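Coordinate-derived values only; no laboratory data. Computed from a predicted structure; not experimentally measured. Every residue, glycine as well, gets a Cβ built from its backbone with ideal geometry; the counts of neighbours run over all protein chains shown.
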Amino acid sequence: MRLINYLTRKELIRTLRNLKNRFDRFEIHEPDRLSLFSKGGITRYTYDRLNFLPDYCQNDCASKSKDPEYNFEVFYHSFKENYPFFKLHNVDWDGIYKTYRPKVKAKTTDDELLEIFSAVIKSFNDPHVSLQAGDRRIGSTKPDALSLHIRQEFPSEKPMARYFKSLEKLRSIIKKDFLDVDCRMAANNFIVWGKIKPNIGYLNIFIMGDYAGLGASRTDSLAVLKTTMDQVMEYFRSVEAVVVDVRLIRPFCGKAKNEFPIFLCQH
């Protein structure tokens, strides 16, 4: 992933100091190119230092612009410069620009622009790509059957509240129907385990992160995950097989990083 950095040298140094808990390896390939490696993960971020700030970064009004044509350009270039999976998802980004850019005029309304953005987003078919507009979230994939069922069951709730209510209900179902004899929970109740049969274990991982509490640091959550998985593996010492259920897994609030799935896979 290539991120074009618009910070001055002093600002960059200050930013790196604040990110010391996120990265554990730094590499300088050239005088003006720096790579950062996420702690415990495999993601590399490459920053290119520019000699001067682009015009639109020096214009304070630009970031607050309601000009639909300008905002479409920002939308297009943000993906073009940062999204690494166009080829993987068979997305012709330049072709999309040629198709949708003419639809945006100076008098395009906010609602019309949102509909155009929505159409573009859906072309990705990538569950990691979405558009947030107030309380409305527009995904690039069709909701699965379980997500549709949750929406129908909690129609009046906002997405985050709906998700937590669904987790609460699923935990009660798991405990009642599958693990009524011995149901164990830990890591902020985001990891549930027990035995379906005396020789078959069951492990459900609801979320990739926030194991030490909502908003907790990755370091604290990873420490809780380690303690929890030690308990889980000790509990499953005598079973012949384990069912690992990750059907509802979500990277909560964008905090899921490589270290969590990598750590889990090590077990």
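Evaluate 2.2 N^0.38 Å with N set to the residue count of segment 70-112, then give the Cα radius of gyration divided by it.
Working: Rg = 11.6 Å, N = 43, 2.2 N^0.38 = 9.2 Å.
Here the Cα radius of gyration is 1.27 times the empirical estimate.
Order by neighbour count: Trp193, Trp93, fewest other Cβ atoms within 10 Å first, most last. Provide the component values of the computation, followed by the final result.
Details: Trp193 27, Trp93 15.
By the 10 Å Cβ count, ascending, the order reads Trp93, Trp193.
Taking segment 87-148 as the region of interest, what is the percent of Cα-Cα pairs per 5 angstrom bin, listed from the shortest bin to the one with the maximum distance?
4, 15, 24, 23, 19, 9, 4, 1, 0
Amide H of Val129: which non-local residues (sequence gap of 5 or more, or other chain) have their own amide H closer than 5 Å, using H built in the peptide plane?
Residues meeting the criterion, in which the H sits 1.01 Å from N, are Ser140.
At 7 Å along the Cα-to-beta-carbon direction for both Glu69 and Gln266, put a label point, then send me their distance in nm to one decimal.
It is 5.4 nm.
Sorted from fewest to most neighbouring beta carbons within 10 Å, what does the list Leu222, Leu148 look like? Provide the component values of the computation, followed by the final result.
Working: Leu222 20, Leu148 11.
Ranked by crowding around the Cβ, least crowded first: Leu148, Leu222.
So if I restrict to the alpha-carbon atoms in segment 121-258, what is the Rg, and what is Dmax, the biggest pairwise distance, in Å?
16.4, 50
What order do you get for Ser172, Ser221, Ser35 when you list them from fewest to most C-beta neighbours inside 10 Å? Each step should come with its number before you reach the end.
On the way: Ser172 11, Ser221 26, Ser35 14.
Lowest to highest Cβ neighbour count: Ser172, Ser35, Ser221.
Could you work out the local net charge near Glu115, counting Lys and Arg as +1, Asp and Glu as -1, over the other residues with Cβ closer than 14 Å to its Cβ?
Numbers: positive: Lys103, Lys105, Lys122, Arg136; negative: Asp110, Asp111, Glu112.
Taking every Cβ under 14 Å from that of Glu115, the sum is +1.
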